[in-house]
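Data first, discussion second: the structure below is written as structure tokens.
Read-outs: derived from the displayed coordinates by stated rules, not from any lab. Note that this is a predicted model, so its numbers are computed, not measured. Positions of Cβ are backbone-derived with ideal geometry, glycine not excepted, and every protein chain shown enters the neighbour counts.
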Amino acid sequence: MRHRALLLAFFLVPAFFGVVHLADALTAPDEVVCPGENVREGEEHPGPMRPGDTECAVLKGSIGTGSRTYEQQRRVQSAERQSDAVGGTLLLVYGAGGALVTWSAARPRAARD
């Protein structure tokens, strides 16, 4: 019985992370945020990007890796949300399915009939 509980926990952990990823994807704000420096009219501006912004410096650490327009950044954020939703759903289905199979196999024989 102890091994079944451990196996059940191994399935519930991915299910939990699936719920977290799915919740993050579904509750992500719609505003477009520059991951680096948002440059507008030659000056750096804090906060979300606005339609028409043409330069968002994308940084990896303190090193610039490129720049994006408002539309490009909006598409990147949308793709990240979609990826989080798909990954979270897969983890949730895997974890819930495995937990259900483990739970049904752990029931006493008399209760199955």
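Some observations on this one:
- Across all C-alpha atoms in the chain, the radius of gyration and Dmax reach 22.0, 75 Å.
- More than 12 Å apart - percent of Cα-Cα pairs taken over segment 9-49: 69 percent
- Relative to the dominant Cα principal axis of the chain, helix 2-27 is inclined by about 30°.
- Projecting the Cα positions of PHE11, VAL33, GLY47 onto the charge dipole of segment 7-63 (unit charges on Cβ atoms of Lys, Arg, Asp and Glu, taken about the Cα centre) puts PHE11 furthest along the positive direction.
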